[in-house]
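Below: the structure, in structure tokens.
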Amino acid sequence: MTAHPKLRHDERAFPDVASVAMALQPSYPVYCLRPRMLQATARHFIETFPGEVLYAVKCNPHRLVLDALYRAGIRQFDVASLPEIAQIAESWGEAVCHFMHPVKSRAAIASAYKVYGVRSFAVDHADELRKVIEETDGATDLTITVRLATPPVEGVVFHLASKFGASVEEATEIVKAADERGLATGLSFHVGSQCRNPAAYALGLRRVGAVIAGSGVAPRIVDVGGGFPADYVGHAAPALERFAETVRAGLREIGLGPAVTVFAEPGRALVAAGCSLLVQVQLRKGSQLYINDGIYGSLSEFQKGALMPGARLIRLGGGASERLEDFALGGPTCDSEDVLQGSYRLPADVREGDWIELDGVGAYSNAMASHFNGFHPDTFVEVYDEPPARAP
Ligand SMILES: Cc1ncc(COP(=O)(O)O)c(C=O)c1O
């Protein structure tokens with residue numbers, strides 16, 4: 001939590017975002033976290049998904065976010081690095097970390113195992129399995145989860161399989177090698193982030209089935225990864241129940257019984273909606289607005305236009321025009337790439353000094369913000385309103 005001079009400890013919680021604007025009159029971007037919403041979303045996921053729910057820390061590692069998820073019942077974490085492991089381990093002794101990055105430094109593997117007691121590691125190549133075995137001194141108390149590549153499917157915004165994931169044939173060999181060393185095995189995949197197509201999970205599970213059939217090894221874990229969608233403008237997320245039903249059916253199809261533990265490791269679906277961003281208009285040039293955060297800060301996901309956050313004007317004292325017009329939003333850096341794709345519908349008389357609340361920025365925002373041009377958004381407040389339902 002950043003201590004901003006205007007933000008004393010007892011002033012972090014606000015009844016709504018207008019109160020944040022009123023109290024702080026911030027010329028800097030402010031993340032408005034809604035802990036109640038984060039908790040409700042996590043509880044819904046835990047209740048709906050047919051298995052155990054790990055949170056993908058990389059998506060938003062802010063302390064307040066992790067606290068809200070922990071309070072909601074999340075006890076297992078998908079971690080990508082040693083600093084993430086340290087953060088979780090130092091917060092909650094009983095939390096379980098799964099080191100799900102398929103490519104890790106040897107030092108990170110050794111420290112994860114020897115210092116932090118991590119026993120669950122993902123790999124997608126035989127050489128990575130060898131590294132894990134060597135760096136854990138041939139430990140036999142490991143679970144090795146082999147990550148499979150998934151085919152590109154319609155309805156996925158960010159594909160990940162071009163970088164990670166073994167073929168069915170490669171995965172079969174890695175599973176056999178791990179099994180021969182007496183290690184428990186798992187199989188995982190990631191369909192890509194912001195996946196609105198439940199069928200993608202069915203395809204992944206079929207590949208899991210092919211590896212089980214080919215290796216003859218019963219997995220201890222089947223991990224369907226993240227990818228579950230959140231709501232954005234024009235990108236309403238299908239109900240989580242549809243994804244859960246597809247996963248259930250996919251598990252039945254490949255004959256997996258109760259002995260297998262099923263994991264999901266969502267990031268975006270747990271945290272996107274529970275955080276908005278309050279930005280200020282610093283200059284208007286016709287239909288172009290210059291705001292104080294952009295693609296090098298909290299808003300990198302909105303550069304390419306596949307996703308757009310909802311936008312709502314906040315003017316102290318009200319009185320904004322009811323007529324809406326389309327505006328382009330540019331970020332604060334000198335780079336001409338620093339613009340959000342697409343048009344944002346805002347009151348026609350929006351002007352310098354107004355604030356704009358951008359919705360659903362809890363995922364991959366603060367986690368990816370740089371210091372480019374000296375800007376670094378890092379002010380967080382808690383807001384306890386129920387955000388209005390916005391038409392996607
Ligand atoms: C291994 C792994 N698991 C889970 C996630 C979370 O994905 P999402 O935010 O799409 O749910 C990611 C994201 O990159 C990932 O790499």
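The values are calculated or read from the model by the stated rules, or taken from the named source; none is laboratory data. Predicted model, so just to flag it, every value in this text is computed and none were measured. No Cβ is skipped: glycine too gets one built from the backbone with ideal geometry, and neighbour counts run over all protein chains shown.
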* The one condition in (1) of a type in the set (A, V, I, L, M); (2) within 22 Å of ASP141 (Cα to Cα); (3) more than 17 Å from the chain's Cα centre (by Cα) that ILE85 fails to fulfil -> (3)
* Asked: Name the residues in region 175-204 that are assigned to a helix (DSSP H, G or I), surrounded by 24 or more Cβ atoms within 10 Å (Cβ to Cβ) and away from the ligand (no atom under 15 Å from the Cβ), would you?
  -> VAL175, ALA178
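Those residues that are among the aliphatic types (A, V, I, L, M) and either more than 15 Å from the ligand (Cβ to nearest atom) or surrounded by fewer than 18 Cβ atoms within 10 Å (Cβ to Cβ) (or both), I need them from region 69-97; list them, please.
Scanning region 69-97 gives ALA72, LEU82, ALA86, ALA89, ALA95, VAL96.
Looking at region 285-296, can you tell me whether even one residue there is without any contact (Cβ under 8 Å) to a residue 40 or more places away in the chain, part of a strand (DSSP E or B) and basic (Lys, Arg)?
yes
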* Can you tell which of ALA166, ALA107, ALA112 is surrounded by fewer than 16 Cβ atoms within 10 Å (Cβ to Cβ) and of a type in the set (A, V, I, L, M, F, W, C)? -> ALA107
* To do: Could you please let me know if GLY318 is small (Gly, Ala, Ser) and on the phi > 0 side of the Ramachandran plot?
  => yes
* **Residues being in contact with a Phe, Trp or Tyr (Cβ under 8 Å, 6 or more places away or on another chain) and in a loop (DSSP other than H, G, I, E, B) - total across region 135-160** => 5
* Asked: Residues in region 239-252: is at least one in contact (Cβ under 8 Å) with a residue 24 or more places away in the chain, surrounded by fewer than 18 Cβ atoms within 10 Å (Cβ to Cβ) and assigned to a strand (DSSP E or B)?
  -> no
* In region 22-68, residue surrounded by the fewest Cβ atoms within 10 Å (Cβ to Cβ) [restricted to those that are of a type in the set (Ser, Thr, Tyr) and within 13 Å of the ligand (Cβ to nearest atom)] -> THR41
* Structure fact -> Of those in region 316-371 that are in a strand (DSSP E or B) and among the small types (Gly, Ala, Ser), the residue farthest from HIS235 (Cα to Cα) is GLY330
* Asked: How about region 259-297: which of its residues are among the small types (Gly, Ala, Ser), crowded, with 23+ Cβ neighbours inside 10 Å and away from the ligand (no atom under 16 Å from the Cβ)?
  -> SER276, GLY294, GLY297
* Could you please give the count of residues in region 129-139 that are among the polar types (S, T, N, Q) and either out of contact with any strand residue (DSSP E or B) (no Cβ under 9 Å at 6 or more places or on another chain) or buried (at least 21 other Cβ atoms within 10 Å of the Cβ) (or both)? => 0
* Return yes or no: is ARG207 within 23 Å of LYS58 (Cα to Cα), of a type in the set (Lys, Arg) and surrounded by 18 or more Cβ atoms within 10 Å (Cβ to Cβ)? => no
* To do: Filter region 115-128 down to residues that are crowded, with 21+ Cβ neighbours inside 10 Å and not in a loop (DSSP other than H, G, I, E, B), then give me how many there are.
  => 5
* Check on GLY250, away from the ligand (no atom under 16 Å from the Cβ), small (Gly, Ala, Ser) and in contact with a Leu (Cβ under 6 Å, 6 or more places away or on another chain) -> yes
* Determine whether region 303-313 contains at least one residue that is out of contact with any strand residue (DSSP E or B) (no Cβ under 9 Å at 6 or more places or on another chain), within 16 Å of the ligand (Cβ to nearest atom), of a type outside the set (D, E, K, R) and outside the structural domain of ALA236 (by TED's automatic domain parsing). => no
* HIS125 is checked against (1) free of Cβ contacts under 8 Å to residues at least 60 places away in the same chain; (2) out of contact with any strand residue (DSSP E or B) (no Cβ under 7 Å at 6 or more places or on another chain) and fails just one. What number does that condition carry? -> (2)
* Could you grab me the full set of residues in region 205-238 that are assigned to a loop (DSSP other than H, G, I, E, B) and more than 13 Å from the ligand (Cβ to nearest atom)? => GLY216, VAL217, ALA218, PRO219, ARG220, ASP231, VAL233, GLY234, ALA236, PRO238
